[in-house]
Amino acid sequence: MKSIFKIVLTSALIFLVALQANAQSSKYKCMLQMTNYMGEGAYIVVSLINPTGGYEKTLYVMGDDKKWYKSLKEWNKFHAQKGEDISAKTGASVTGGDRSVTTIEIEDSKINKGYKLRFETAVEDQKYYVSDLEIPLSTEGLADKTDGKGYIKYVLLNKI
């Protein structure tokens, strides 16, 4: 009886350690600098993109008025289909020339596995950028400053 108990207890302990290792994540301070564009505040979505190029998870949304989410066309398709609750992941939109500092959480198991962070941007009555900026989730990608192609000038991530 004692040996069965030891086996079950050992198996449970191994399972819990393995589960914890798979679920670990790290927090990153995300500093985003906008270009000096003219116009309304930009709505920006930071998404985790899987190795096949599909949306996997919303990490942060800059802009909290839901009526404008449809302007982020590709992300909105994913968001509407998945129906994820993003209320804890939202903040203010960011205007031209401004800087935003937020914290995002990334699962450690996604690093160096072909995933990337996509910054999608939209500004009222202006051009929409599906991929204003993409950062490879690699050791090197997370350490480098990444330049944007549209409203975002650059993004810098620092592990905290």
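The values are calculated or read from the model by the stated rules, or taken from the named source; none is laboratory data. The structure displayed is predicted, hence computed values, not measured ones. Quick reminder, even Gly has a Cβ in these numbers, built from the backbone with ideal geometry, and neighbours come from all protein chains shown.
Is there a residue being part of a strand (DSSP E or B) and farther than 20 Å from Lys145 by Cα anywhere in the range 64-81?
No, because not a single residue in the range 64-81 is part of a strand (DSSP E or B) and farther than 20 Å from Lys145 by Cα.
Restricting to the range 99-123, name every residue that is surrounded by fewer than 15 Cβ atoms within 10 Å (Cβ to Cβ) and not hydroxyl-bearing (Ser, Thr, Tyr).
Selection gives Arg99, Val101, Glu105, Asp108, Asn112, Lys113, Gly114.
Of the residues that make up the range 58-75, is at least one surrounded by fewer than 17 Cβ atoms within 10 Å (Cβ to Cβ), closer than 15 Å to Gly41 by Cα, among the aromatic types (Phe, Trp, Tyr) and touching a residue at least 40 places away in the same chain (Cβ under 8 Å)?
Among the residues of the range 58-75, not one is surrounded by fewer than 17 Cβ atoms within 10 Å (Cβ to Cβ), closer than 15 Å to Gly41 by Cα, among the aromatic types (Phe, Trp, Tyr) and touching a residue at least 40 places away in the same chain (Cβ under 8 Å), which makes the answer no.
Of the numbered conditions (1) crowded, with 17+ Cβ neighbours inside 10 Å; (2) part of a helix (DSSP H, G or I); (3) of a type outside the set (S, T, N, Q), Glu140 fails exactly one; give the number of that condition.
For Glu140, the failing item is (1).
Here are some residues: Ile86, Ile135. Which one is touching a helix residue (DSSP H, G or I) at 6+ places or on another chain (Cβ under 8 Å), modelled with pLDDT under 95 and surrounded by 13 or more Cβ atoms within 10 Å (Cβ to Cβ)?
Testing whether each residue is touching a helix residue (DSSP H, G or I) at 6+ places or on another chain (Cβ under 8 Å), modelled with pLDDT under 95 and surrounded by 13 or more Cβ atoms within 10 Å (Cβ to Cβ) leaves just Ile86.
From the list Tyr128, Tyr154, pick out the single residue that is aromatic (Phe, Trp, Tyr), in contact with a strand residue (DSSP E or B) (Cβ under 7 Å, 6 or more places away or on another chain), surrounded by fewer than 17 Cβ atoms within 10 Å (Cβ to Cβ) and over 25 Å from Ser26 (Cα atoms).
None of the others qualify; the one that does is Tyr128.
Which condition from (1) polar (S, T, N, Q); (2) within 15 Å of Val155 (Cα to Cα); (3) within 16 Å of the chain's Cα centre (by Cα) is the one that Thr35 breaks?
Every listed condition holds for Thr35 apart from (3).
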